[in-house]
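The values are calculated or read from the model by the stated rules, or taken from the named source; none is laboratory data. Worth saying up front: this structure is predicted, and the values here are computed from it rather than measured. Note that we place each Cβ from the backbone using ideal geometry, even for glycine, and neighbour counts take in every protein chain shown. Side chains are part of the model used for accessible areas, which takes the heavy atoms of the whole protein and leaves out ligands, DNA and RNA. Shrake-Rupley method; radii C 1.70, N 1.55, O 1.52, S 1.80 Å.
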Amino acid sequence: AGGSETGNPAIPTQFGLSVRSSDPTAVAVSTGAQSTVIDEAWVAFGQPMFLEDGRCGLLDSYPHMGPTLIAADLASPALSIAVDVKPNAYCGMVVPLEDTTRELTGAEPAELRDHSIVLRGHRSDGVAFTLAFPEQDELELAALASSGSFDVHEGDGLLLVFDVATWMRAIDLDQADLESDGTILIDAAHNIPLLTLFEFNIDCSLELFED
């Protein structure tokens, strides 16, 4: 996002990226004795866009821009990037998910080359699973109705968080078909009903905090 001739210029803003669980007894991040555990949460992001007051009519019909800005494991600690944001009041934001990432460093799962989200984890009984979401999408986040907007000030840090408990809501891994090696694969060709649930869940899993 560039600056404005009449407004404040966009400035580099630290943008934290993370995952959390609102219900760690059901789904935990990294560790959990009696839970489904998300060990890795790889997400390919495009450039987030902040919508000024009066522009939130674009929500639900935002044109996709591309390309991938960062592909990273959100389960890793202290992950952040610098994003240019103009200090202002905003009514919402759009976070693109990219399904094509041409340049991988080698640390990422190979599925991330043509998927926007790749999860790796295990059930409470230790059975490993991989979920690969193949869609390009735009996740939209609106300000709370009570306030109508949120402010970004110069020097602020922002934290974008996905709730893994929402991601995995109603996804019963115990009912998943197993691969020949005893693991679970959820993608466009395997355990499709579970992938459909995940696609529904991601639209309401995003939270933004001042860091």
- Query: Does Ala188 fit the bill of being of a type in the set (A, V, I, L, M, F, W, C), more than 21 Å from the chain's Cα centre (by Cα) and farther than 29 Å from Ile11 by Cβ?
  - Reply: no
- Which number in (1) closer than 27 Å to Pro77 by Cα; (2) crowded, with 19+ Cβ neighbours inside 10 Å marks the one condition that Asn191 misses? (1)
- Across segment 4-29, which residue is modelled with the lowest pLDDT among those that are open to solvent by less than 60 Å² (accessible area, probe 1.4 Å) and assigned to a loop (DSSP other than H, G, I, E, B)? Ser4
- Task: Could you list all residues from segment 80-108 that are closer than 16 Å to Gln47 by Cα and among the aliphatic types (A, V, I, L, M)?
- Result: Ile81, Ala82, Val83, Val85, Met93, Val94, Val95, Leu97
- Among (1) under 20 Å from Asp39 (Cβ atoms); (2) open to solvent by 40 Å² or more (accessible area, probe 1.4 Å); (3) not hydroxyl-bearing (Ser, Thr, Tyr), Arg102 falls short only on (1)
- Task: Could you tell me whether any residue of segment 30-44 is surrounded by fewer than 16 Cβ atoms within 10 Å (Cβ to Cβ), of a type in the set (Val, Ile, Thr) and either under 26 Å from Asp151 (Cβ atoms) or modelled with pLDDT under 90 (or both)?
- Result: yes
